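The values are calculated or read from the model by the stated rules, or taken from the named source; none is laboratory data. Computed from a predicted structure; not experimentally measured. Methodologically, a virtual Cβ is constructed for each residue, glycine included, from the backbone with ideal geometry; neighbour enumeration extends over all protein chains shown.
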Number of protein chains: 6
Amino acid sequence: MSWLPSLKTETPEAGFELALKLARMAVKYTQPDESVRKDLREQYANNADSLTMASHVVATNFQTIAAANHYWNTTE
Amino acid sequence: MSWLPSLKTETPEAGFELALKLARMAVKYTQPDESVRKDLREQYANNADSLTMASHVVATNFQTIAAANHYWNTTE
Amino acid sequence: MSWLPSLKTETPEAGFELALKLARMAVKYTQPDESVRKDLREQYANNADSLTMASHVVATNFQTIAAANHYWNTTE
Amino acid sequence: MSWLPSLKTETPEAGFELALKLARMAVKYTQPDESVRKDLREQYANNADSLTMASHVVATNFQTIAAANHYWNTTE
Amino acid sequence: MSWLPSLKTETPEAGFELALKLARMAVKYTQPDESVRKDLREQYANNADSLTMASHVVATNFQTIAAANHYWNTTE
Amino acid sequence: MSWLPSLKTETPEAGFELALKLARMAVKYTQPDESVRKDLREQYANNADSLTMASHVVATNFQTIAAANHYWNTTE
(Lines give C-alpha, C1' and ligand atoms only; values in the text may rest on other atoms or scores of the structure.)
Protein backbone atom coordinates (compact mmCIF):
# COMPACT_ATOMS: atom_id res chain seq x y z
CA MET A 1 0.00 0.00 0.00
CA SER A 2 1.40 3.38 -1.00
CA TRP A 3 1.63 6.12 1.62
CA LEU A 4 0.71 8.58 -1.15
CA PRO A 5 -1.83 6.98 -3.49
CA SER A 6 -3.14 10.33 -4.68
CA LEU A 7 -2.86 14.09 -4.19
CA LYS A 8 -6.64 14.37 -4.21
CA THR A 9 -8.48 15.08 -0.98
CA GLU A 10 -12.14 15.59 -0.20
CA THR A 11 -11.68 18.95 1.51
CA PRO A 12 -9.15 21.79 1.87
CA GLU A 13 -8.58 20.77 5.48
CA ALA A 14 -7.70 17.23 4.46
CA GLY A 15 -5.42 18.73 1.83
CA PHE A 16 -3.65 20.78 4.46
CA GLU A 17 -3.11 17.66 6.54
CA LEU A 18 -1.70 15.89 3.50
CA ALA A 19 0.72 18.81 3.09
CA LEU A 20 1.83 18.24 6.68
CA LYS A 21 2.28 14.56 5.91
CA LEU A 22 4.48 15.31 2.89
CA ALA A 23 6.66 17.56 5.05
CA ARG A 24 7.09 14.79 7.60
CA MET A 25 7.67 12.06 5.05
CA ALA A 26 10.58 13.96 3.52
CA VAL A 27 12.15 14.03 6.97
CA LYS A 28 11.40 10.32 7.47
CA TYR A 29 13.17 9.42 4.20
CA THR A 30 16.26 11.31 5.39
CA GLN A 31 16.14 10.16 9.03
CA PRO A 32 14.38 6.77 9.15
CA ASP A 33 15.10 6.21 12.85
CA GLU A 34 11.83 6.81 14.71
CA SER A 35 13.50 7.43 18.08
CA VAL A 36 15.87 10.05 16.66
CA ARG A 37 12.96 11.84 15.01
CA LYS A 38 11.06 11.83 18.30
CA ASP A 39 14.01 13.45 20.11
CA LEU A 40 14.40 16.08 17.42
CA ARG A 41 10.67 16.79 17.54
CA GLU A 42 11.09 17.76 21.18
CA GLN A 43 13.65 20.37 20.11
CA TYR A 44 11.98 22.04 17.18
CA ALA A 45 8.49 22.00 18.71
CA ASN A 46 9.81 24.36 21.37
CA ASN A 47 11.70 26.74 19.10
CA ALA A 48 9.84 29.55 17.38
CA ASP A 49 12.02 29.73 14.27
CA SER A 50 12.01 25.96 13.85
CA LEU A 51 8.22 26.00 13.88
CA THR A 52 8.14 28.83 11.35
CA MET A 53 10.50 26.89 9.10
CA ALA A 54 8.26 23.85 9.38
CA SER A 55 5.23 26.00 8.58
CA HIS A 56 7.01 27.19 5.44
CA VAL A 57 7.51 23.63 4.23
CA VAL A 58 3.83 22.91 4.81
CA ALA A 59 2.91 26.06 2.86
CA THR A 60 5.05 24.92 -0.07
CA ASN A 61 3.49 21.47 -0.06
CA PHE A 62 0.02 22.95 0.30
CA GLN A 63 0.58 24.89 -2.93
CA THR A 64 1.07 21.58 -4.70
CA ILE A 65 -1.88 19.86 -3.06
CA ALA A 66 -4.22 22.81 -3.63
CA ALA A 67 -3.28 22.99 -7.32
CA ALA A 68 -3.83 19.24 -7.67
CA ASN A 69 -7.33 19.70 -6.31
CA HIS A 70 -8.10 22.75 -8.43
CA TYR A 71 -8.30 24.64 -5.16
CA TRP A 72 -11.43 22.61 -4.29
CA ASN A 73 -13.53 24.84 -6.53
CA THR A 74 -16.26 22.25 -6.82
CA THR A 75 -18.86 24.53 -8.29
CA GLU A 76 -16.83 25.85 -11.20
CA MET B 1 -16.96 22.27 11.74
CA SER B 2 -13.82 22.52 9.61
CA TRP B 3 -11.29 25.26 10.35
CA LEU B 4 -10.74 25.48 6.57
CA PRO B 5 -14.03 24.93 4.77
CA SER B 6 -12.84 26.77 1.66
CA LEU B 7 -9.97 28.77 0.17
CA LYS B 8 -12.44 31.31 -1.19
CA THR B 9 -12.67 34.72 0.43
CA GLU B 10 -14.74 37.76 -0.35
CA THR B 11 -11.83 40.16 -0.58
CA PRO B 12 -8.03 40.20 -0.99
CA GLU B 13 -7.69 41.42 2.59
CA ALA B 14 -9.71 38.46 3.90
CA GLY B 15 -7.51 36.24 1.73
CA PHE B 16 -4.41 37.67 3.31
CA GLU B 17 -5.82 36.97 6.76
CA LEU B 18 -6.57 33.41 5.70
CA ALA B 19 -2.93 33.10 4.61
CA LEU B 20 -1.92 34.19 8.12
CA LYS B 21 -4.27 31.58 9.56
CA LEU B 22 -2.73 28.81 7.46
CA ALA B 23 0.72 29.81 8.69
CA ARG B 24 -0.44 29.62 12.30
CA MET B 25 -2.37 26.38 11.88
CA ALA B 26 0.72 24.60 10.57
CA VAL B 27 2.48 25.63 13.78
CA LYS B 28 -0.51 24.53 15.85
CA TYR B 29 -0.47 21.05 14.31
CA THR B 30 3.22 20.71 15.24
CA GLN B 31 2.98 22.32 18.68
CA PRO B 32 -0.58 21.80 19.98
CA ASP B 33 0.18 23.22 23.44
CA GLU B 34 -1.36 26.69 23.59
CA SER B 35 0.82 27.90 26.47
CA VAL B 36 4.05 26.88 24.71
CA ARG B 37 2.96 28.68 21.55
CA LYS B 38 2.18 31.80 23.59
CA ASP B 39 5.70 31.78 25.09
CA LEU B 40 7.30 31.29 21.70
CA ARG B 41 5.20 34.11 20.25
CA GLU B 42 6.79 36.44 22.78
CA GLN B 43 10.20 35.50 21.38
CA TYR B 44 9.67 35.71 17.68
CA ALA B 45 7.46 38.81 17.81
CA ASN B 46 10.49 40.70 19.09
CA ASN B 47 13.06 39.38 16.67
CA ALA B 48 13.38 40.97 13.24
CA ASP B 49 14.50 37.86 11.37
CA SER B 50 11.81 35.73 13.00
CA LEU B 51 9.19 38.18 11.82
CA THR B 52 10.63 38.20 8.31
CA MET B 53 10.56 34.41 8.25
CA ALA B 54 6.93 34.47 9.37
CA SER B 55 6.14 37.03 6.66
CA HIS B 56 7.68 34.66 4.10
CA VAL B 57 5.36 31.85 5.14
CA VAL B 58 2.38 34.17 4.83
CA ALA B 59 3.57 35.22 1.36
CA THR B 60 3.77 31.58 0.29
CA ASN B 61 0.30 30.84 1.60
CA PHE B 62 -1.06 34.02 0.04
CA GLN B 63 0.12 32.76 -3.38
CA THR B 64 -2.13 29.75 -2.90
CA ILE B 65 -5.11 31.72 -1.63
CA ALA B 66 -4.81 34.36 -4.34
CA ALA B 67 -4.67 31.71 -7.08
CA ALA B 68 -7.70 29.96 -5.57
CA ASN B 69 -9.60 33.23 -5.83
CA HIS B 70 -8.41 34.01 -9.35
CA TYR B 71 -6.68 37.01 -7.80
CA TRP B 72 -10.12 38.49 -7.03
CA ASN B 73 -10.43 39.65 -10.64
CA THR B 74 -14.18 39.94 -10.39
CA THR B 75 -14.68 41.94 -13.55
CA GLU B 76 -12.85 39.68 -15.93
CA MET C 1 -11.47 51.18 4.13
CA SER C 2 -9.45 48.05 3.31
CA TRP C 3 -5.65 48.25 3.25
CA LEU C 4 -5.77 45.81 0.33
CA PRO C 5 -8.78 46.59 -1.86
CA SER C 6 -7.22 44.94 -4.91
CA LEU C 7 -4.07 43.24 -6.21
CA LYS C 8 -4.28 45.31 -9.40
CA THR C 9 -1.82 48.12 -9.95
CA GLU C 10 -1.30 50.53 -12.81
CA THR C 11 2.35 49.73 -13.32
CA PRO C 12 4.98 47.07 -12.48
CA GLU C 13 6.68 49.56 -10.16
CA ALA C 14 3.45 50.12 -8.22
CA GLY C 15 3.07 46.34 -8.09
CA PHE C 16 6.53 45.99 -6.61
CA GLU C 17 5.66 48.55 -3.95
CA LEU C 18 2.47 46.63 -3.18
CA ALA C 19 4.63 43.51 -2.73
CA LEU C 20 6.70 45.45 -0.20
CA LYS C 21 3.50 46.49 1.55
CA LEU C 22 2.30 42.89 1.81
CA ALA C 23 5.63 41.88 3.36
CA ARG C 24 5.33 44.63 5.95
CA MET C 25 1.66 43.98 6.70
CA ALA C 26 2.37 40.35 7.57
CA VAL C 27 4.88 41.62 10.11
CA LYS C 28 2.38 44.17 11.40
CA TYR C 29 -0.25 41.50 12.00
CA THR C 30 2.26 39.51 14.06
CA GLN C 31 3.81 42.47 15.88
CA PRO C 32 1.18 45.23 16.06
CA ASP C 33 3.30 47.48 18.33
CA GLU C 34 4.63 50.31 16.15
CA SER C 35 7.50 51.18 18.50
CA VAL C 36 8.74 47.58 18.64
CA ARG C 37 8.67 47.34 14.86
CA LYS C 38 10.65 50.60 14.62
CA ASP C 39 13.36 49.23 16.92
CA LEU C 40 13.56 45.97 14.99
CA ARG C 41 13.78 47.89 11.72
CA GLU C 42 16.96 49.50 13.01
CA GLN C 43 18.45 46.03 13.45
CA TYR C 44 17.57 44.34 10.22
CA ALA C 45 18.17 47.38 8.02
CA ASN C 46 21.83 47.15 9.01
CA ASN C 47 22.31 43.43 8.57
CA ALA C 48 23.03 42.03 5.13
CA ASP C 49 21.32 38.67 5.61
CA SER C 50 18.25 40.26 7.16
CA LEU C 51 17.91 42.49 4.13
CA THR C 52 18.32 39.53 1.79
CA MET C 53 15.64 37.64 3.70
CA ALA C 54 13.33 40.65 3.41
CA SER C 55 14.07 40.87 -0.31
CA HIS C 56 13.06 37.20 -0.63
CA VAL C 57 9.68 37.88 0.93
CA VAL C 58 9.13 40.77 -1.46
CA ALA C 59 10.08 38.52 -4.38
CA THR C 60 7.52 35.94 -3.28
CA ASN C 61 4.80 38.55 -2.94
CA PHE C 62 5.77 40.11 -6.26
CA GLN C 63 5.13 36.75 -7.96
CA THR C 64 1.56 36.94 -6.72
CA ILE C 65 1.05 40.58 -7.66
CA ALA C 66 2.61 40.13 -11.10
CA ALA C 67 0.40 37.12 -11.85
CA ALA C 68 -2.67 39.05 -10.70
CA ASN C 69 -1.79 41.77 -13.20
CA HIS C 70 -1.02 39.35 -16.03
CA TYR C 71 2.54 40.65 -15.81
CA TRP C 72 1.27 44.03 -17.06
CA ASN C 73 1.25 42.73 -20.63
CA THR C 74 -1.12 45.42 -21.77
CA THR C 75 -0.62 44.94 -25.48
CA GLU C 76 -1.29 41.23 -25.67
CA MET D 1 22.48 6.56 -19.30
CA SER D 2 20.98 9.77 -17.90
CA TRP D 3 20.20 9.95 -14.17
CA LEU D 4 17.13 11.99 -15.13
CA PRO D 5 15.65 10.65 -18.36
CA SER D 6 12.20 12.05 -17.58
CA LEU D 7 10.16 13.89 -14.95
CA LYS D 8 7.31 11.43 -15.47
CA THR D 9 6.58 8.84 -12.81
CA GLU D 10 3.94 6.15 -12.52
CA THR D 11 2.65 7.27 -9.14
CA PRO D 12 2.71 10.26 -6.76
CA GLU D 13 4.89 8.26 -4.38
CA ALA D 14 7.46 7.62 -7.10
CA GLY D 15 7.26 11.33 -7.91
CA PHE D 16 8.04 12.21 -4.32
CA GLU D 17 11.05 9.93 -4.40
CA LEU D 18 12.22 11.60 -7.59
CA ALA D 19 11.93 14.95 -5.79
CA LEU D 20 14.19 13.55 -3.09
CA LYS D 21 16.63 12.42 -5.76
CA LEU D 22 16.75 15.88 -7.33
CA ALA D 23 17.51 17.40 -3.93
CA ARG D 24 20.39 14.96 -3.43
CA MET D 25 21.74 15.33 -6.96
CA ALA D 26 22.08 19.09 -6.55
CA VAL D 27 24.22 18.40 -3.48
CA LYS D 28 26.23 15.79 -5.39
CA TYR D 29 27.03 18.23 -8.19
CA THR D 30 28.36 20.69 -5.61
CA GLN D 31 30.14 18.14 -3.41
CA PRO D 32 31.10 15.16 -5.59
CA ASP D 33 33.13 13.43 -2.85
CA GLU D 34 31.02 10.51 -1.59
CA SER D 35 32.85 10.24 1.74
CA VAL D 36 32.40 13.93 2.55
CA ARG D 37 28.69 13.69 1.76
CA LYS D 38 28.40 10.65 4.04
CA ASP D 39 29.99 12.56 6.93
CA LEU D 40 27.75 15.55 6.38
CA ARG D 41 24.70 13.28 6.24
CA GLU D 42 25.50 12.17 9.77
CA GLN D 43 25.32 15.79 10.88
CA TYR D 44 22.17 17.00 9.25
CA ALA D 45 20.22 13.78 9.82
CA ASN D 46 20.47 14.50 13.55
CA ASN D 47 19.58 18.18 13.47
CA ALA D 48 15.93 19.21 13.39
CA ASP D 49 16.39 22.42 11.41
CA SER D 50 18.66 20.73 8.89
CA LEU D 51 15.98 18.13 8.27
CA THR D 52 13.33 20.81 7.90
CA MET D 53 15.51 22.62 5.39
CA ALA D 54 15.97 19.41 3.44
CA SER D 55 12.22 18.81 3.53
CA HIS D 56 11.73 22.28 2.04
CA VAL D 57 13.98 21.47 -0.90
CA VAL D 58 12.03 18.25 -1.51
CA ALA D 59 8.76 20.23 -1.37
CA THR D 60 10.07 22.65 -3.99
CA ASN D 61 11.19 19.82 -6.27
CA PHE D 62 7.91 17.99 -5.72
CA GLN D 63 6.05 21.03 -7.07
CA THR D 64 7.97 20.63 -10.32
CA ILE D 65 7.50 16.87 -10.53
CA ALA D 66 3.80 17.05 -9.67
CA ALA D 67 3.18 19.70 -12.33
CA ALA D 68 5.09 17.62 -14.89
CA ASN D 69 2.77 14.72 -14.15
CA HIS D 70 -0.40 16.83 -14.19
CA TYR D 71 -0.72 15.93 -10.53
CA TRP D 72 -1.35 12.30 -11.57
CA ASN D 73 -4.96 13.14 -12.40
CA THR D 74 -5.34 10.08 -14.58
CA THR D 75 -9.09 10.20 -14.85
CA GLU D 76 -9.43 13.76 -16.08
CA MET E 1 11.04 57.77 -15.19
CA SER E 2 10.14 54.44 -13.59
CA TRP E 3 12.94 52.07 -12.55
CA LEU E 4 10.65 49.22 -13.64
CA PRO E 5 8.70 50.26 -16.72
CA SER E 6 8.12 46.67 -17.80
CA LEU E 7 8.93 43.05 -16.97
CA LYS E 8 9.66 42.38 -20.65
CA THR E 9 13.23 41.89 -21.77
CA GLU E 10 14.75 41.11 -25.13
CA THR E 11 16.68 38.05 -23.98
CA PRO E 12 16.84 35.54 -21.11
CA GLU E 13 20.15 37.05 -20.02
CA ALA E 14 18.61 40.52 -19.78
CA GLY E 15 15.76 38.93 -17.83
CA PHE E 16 18.21 37.42 -15.39
CA GLU E 17 19.82 40.81 -14.88
CA LEU E 18 16.39 42.31 -14.27
CA ALA E 19 15.83 39.62 -11.61
CA LEU E 20 19.07 40.75 -9.96
CA LYS E 21 17.85 44.34 -10.11
CA LEU E 22 14.57 43.45 -8.41
CA ALA E 23 16.48 41.71 -5.62
CA ARG E 24 18.62 44.80 -5.08
CA MET E 25 15.73 47.25 -5.30
CA ALA E 26 13.88 45.47 -2.50
CA VAL E 27 16.96 45.98 -0.35
CA LYS E 28 17.20 49.61 -1.44
CA TYR E 29 13.60 50.30 -0.41
CA THR E 30 14.36 48.90 3.05
CA GLN E 31 17.80 50.45 3.44
CA PRO E 32 17.92 53.62 1.33
CA ASP E 33 21.34 54.72 2.63
CA GLU E 34 23.85 54.01 -0.16
CA SER E 35 26.88 53.96 2.15
CA VAL E 36 25.29 51.45 4.53
CA ARG E 37 24.42 49.19 1.62
CA LYS E 38 28.00 49.42 0.35
CA ASP E 39 29.36 48.34 3.74
CA LEU E 40 26.92 45.45 3.95
CA ARG E 41 27.81 44.37 0.44
CA GLU E 42 31.38 43.91 1.60
CA GLN E 43 30.13 41.47 4.23
CA TYR E 44 27.77 39.29 2.28
CA ALA E 45 29.91 39.16 -0.85
CA ASN E 46 32.50 37.30 1.20
CA ASN E 47 30.18 34.86 2.94
CA ALA E 48 29.12 31.69 1.15
CA ASP E 49 25.69 31.37 2.75
CA SER E 50 24.91 35.04 2.20
CA LEU E 51 25.67 34.62 -1.48
CA THR E 52 23.51 31.50 -1.67
CA MET E 53 20.65 33.38 -0.01
CA ALA E 54 21.04 36.20 -2.52
CA SER E 55 21.07 33.68 -5.35
CA HIS E 56 17.78 32.29 -4.03
CA VAL E 57 16.14 35.70 -4.19
CA VAL E 58 17.33 36.12 -7.77
CA ALA E 59 15.93 32.67 -8.61
CA THR E 60 12.55 33.65 -7.21
CA ASN E 61 12.50 36.91 -9.14
CA PHE E 62 13.68 35.14 -12.29
CA GLN E 63 10.61 32.88 -12.09
CA THR E 64 8.45 35.98 -12.32
CA ILE E 65 10.44 37.58 -15.13
CA ALA E 66 10.62 34.36 -17.14
CA ALA E 67 6.86 33.83 -16.87
CA ALA E 68 6.24 37.43 -17.92
CA ASN E 69 8.30 36.78 -21.03
CA HIS E 70 6.68 33.42 -21.79
CA TYR E 71 10.12 31.94 -21.18
CA TRP E 72 11.35 33.72 -24.32
CA ASN E 73 9.82 31.01 -26.49
CA THR E 74 9.84 33.22 -29.54
CA THR E 75 9.20 30.50 -32.08
CA GLU E 76 6.10 28.99 -30.53
CA MET F 1 27.99 35.45 -26.91
CA SER F 2 25.35 35.30 -24.19
CA TRP F 3 25.86 32.92 -21.25
CA LEU F 4 22.10 32.32 -21.36
CA PRO F 5 20.91 32.30 -24.98
CA SER F 6 17.84 30.23 -24.13
CA LEU F 7 16.05 28.37 -21.33
CA LYS F 8 15.45 25.44 -23.68
CA THR F 9 17.43 22.25 -23.22
CA GLU F 10 17.39 18.93 -25.00
CA THR F 11 16.83 16.84 -21.89
CA PRO F 12 15.72 17.13 -18.25
CA GLU F 13 19.26 16.41 -17.14
CA ALA F 14 20.62 19.28 -19.23
CA GLY F 15 17.86 21.43 -17.75
CA PHE F 16 18.96 20.52 -14.26
CA GLU F 17 22.52 21.50 -15.11
CA LEU F 18 21.27 24.81 -16.47
CA ALA F 19 19.48 25.36 -13.14
CA LEU F 20 22.82 24.81 -11.40
CA LYS F 21 24.42 27.31 -13.77
CA LEU F 22 21.79 29.95 -12.99
CA ALA F 23 22.42 29.48 -9.26
CA ARG F 24 26.15 29.98 -9.77
CA MET F 25 25.77 32.92 -12.13
CA ALA F 26 23.73 34.84 -9.56
CA VAL F 27 26.62 34.38 -7.15
CA LYS F 28 29.11 35.43 -9.83
CA TYR F 29 27.24 38.68 -10.50
CA THR F 30 27.40 39.48 -6.77
CA GLN F 31 30.97 38.29 -6.19
CA PRO F 32 32.87 38.59 -9.49
CA ASP F 33 36.24 37.70 -7.96
CA GLU F 34 37.04 34.12 -9.03
CA SER F 35 39.53 33.50 -6.22
CA VAL F 36 37.11 34.63 -3.52
CA ARG F 37 34.41 32.36 -4.93
CA LYS F 38 36.87 29.45 -4.94
CA ASP F 39 37.67 30.01 -1.25
CA LEU F 40 34.01 30.24 -0.35
CA ARG F 41 33.28 27.08 -2.31
CA GLU F 42 35.67 25.24 -0.01
CA GLN F 43 33.57 26.34 2.95
CA TYR F 44 30.06 25.63 1.79
CA ALA F 45 30.93 22.37 0.05
CA ASN F 46 31.82 20.96 3.45
CA ASN F 47 28.82 22.23 5.38
CA ALA F 48 25.57 20.28 5.29
CA ASP F 49 23.22 23.25 5.65
CA SER F 50 25.11 25.28 3.06
CA LEU F 51 24.71 22.43 0.59
CA THR F 52 21.00 22.15 1.38
CA MET F 53 20.59 25.88 0.83
CA ALA F 54 22.37 25.59 -2.50
CA SER F 55 20.14 22.65 -3.43
CA HIS F 56 17.11 24.83 -2.69
CA VAL F 57 18.29 27.50 -5.11
CA VAL F 58 18.78 24.86 -7.79
CA ALA F 59 15.28 23.53 -7.11
CA THR F 60 13.82 27.01 -7.57
CA ASN F 61 15.70 27.55 -10.82
CA PHE F 62 14.75 24.08 -12.03
CA GLN F 63 11.08 25.02 -11.65
CA THR F 64 11.65 27.83 -14.13
CA ILE F 65 13.66 25.73 -16.56
CA ALA F 66 11.22 22.82 -16.43
CA ALA F 67 8.26 25.12 -17.11
CA ALA F 68 10.13 26.71 -20.01
CA ASN F 69 10.58 23.26 -21.51
CA HIS F 70 6.99 22.17 -20.87
CA TYR F 71 8.49 19.58 -18.54
CA TRP F 72 10.04 17.87 -21.59
CA ASN F 73 6.70 16.23 -22.39
CA THR F 74 7.69 15.59 -25.98
CA THR F 75 4.93 13.15 -26.79
CA GLU F 76 2.00 15.27 -25.71
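Residue under question is A:Ala66, and the condition is that it be facing another protein chain (nearest Cβ under 7 Å), in contact with a Leu (Cβ under 6 Å, 6 or more places away or on another chain) and not polar (S, T, N, Q); does it hold? It is false that A:Ala66 is facing another protein chain (nearest Cβ under 7 Å), in contact with a Leu (Cβ under 6 Å, 6 or more places away or on another chain) and not polar (S, T, N, Q).
Return the residue satisfying two criteria in turn: it lies in region C:7-30 and is outside any helix (DSSP H, G or I) and crowded, with 16+ Cβ neighbours inside 10 Å, and of such residues it is nearest to the other protein chains (Cβ to nearest Cβ).
C:Leu7
Do we have E:Ser2 as farther than 14 Å from F:Val27 by Cα and either more than 7 Å from every other protein chain (Cβ to nearest Cβ) or basic (Lys, Arg) (or both) here?
In short, no.
In region B:31-46, what residues are in a helix (DSSP H, G or I) and among the charged types (D, E, K, R)? The answer is B:Glu34, B:Arg37, B:Lys38, B:Asp39, B:Arg41, B:Glu42.
Any idea which residue in region B:41-50 is surrounded by the fewest Cβ atoms within 10 Å (Cβ to Cβ), counting only those that are within 24 Å of A:Phe62 (Cα to Cα) and under 17 Å from the mean Cα position of the chain (by Cα)? Going through the qualifying residues, I end up with B:Arg41.
For region A:52-74, the count of residues that are over 16 Å from the mean Cα position of the chain (by Cα) and more than 27 Å from B:Leu7 (Cβ to Cβ) is zero. Looking only at residues of region D:47-76 that are outside any helix (DSSP H, G or I) and modelled with pLDDT of 95 or more, we find that the one that is farthest from A:Leu18 (Cα to Cα) is D:Asn47.
Across region C:1-30, the number of residues qualifying as touching a residue at least 40 places away in the same chain (Cβ under 8 Å) and of a type in the set (Lys, Arg) comes to 1. Here A:Met1 fulfils each of the conditions (1) modelled with pLDDT under 95; (2) in a helix (DSSP H, G or I); (3) of a type outside the set (Ser, Thr, Tyr) apart from (2).
Evaluated against (1) surrounded by fewer than 21 Cβ atoms within 10 Å (Cβ to Cβ); (2) closer than 30 Å to E:Lys38 by Cβ; (3) more than 7 Å from chain D (Cβ to nearest Cβ), F:Val57 falls short on exactly one condition, (1).
If the condition is being basic (Lys, Arg) and more than 8 Å from chain C (Cβ to nearest Cβ), then region E:38-54 contributes only E:Lys38. Taking (1) closer than 18 Å to A:Glu13 by Cα; (2) at pLDDT 95 or above in turn, B:Glu34 satisfies each apart from (1). Of all the numbered requirements in (1) farther than 30 Å from B:Asn46 by Cβ; (2) touching a residue at least 12 places away in the same chain (Cβ under 8 Å), A:Asp33 misses one, and that requirement is (2).
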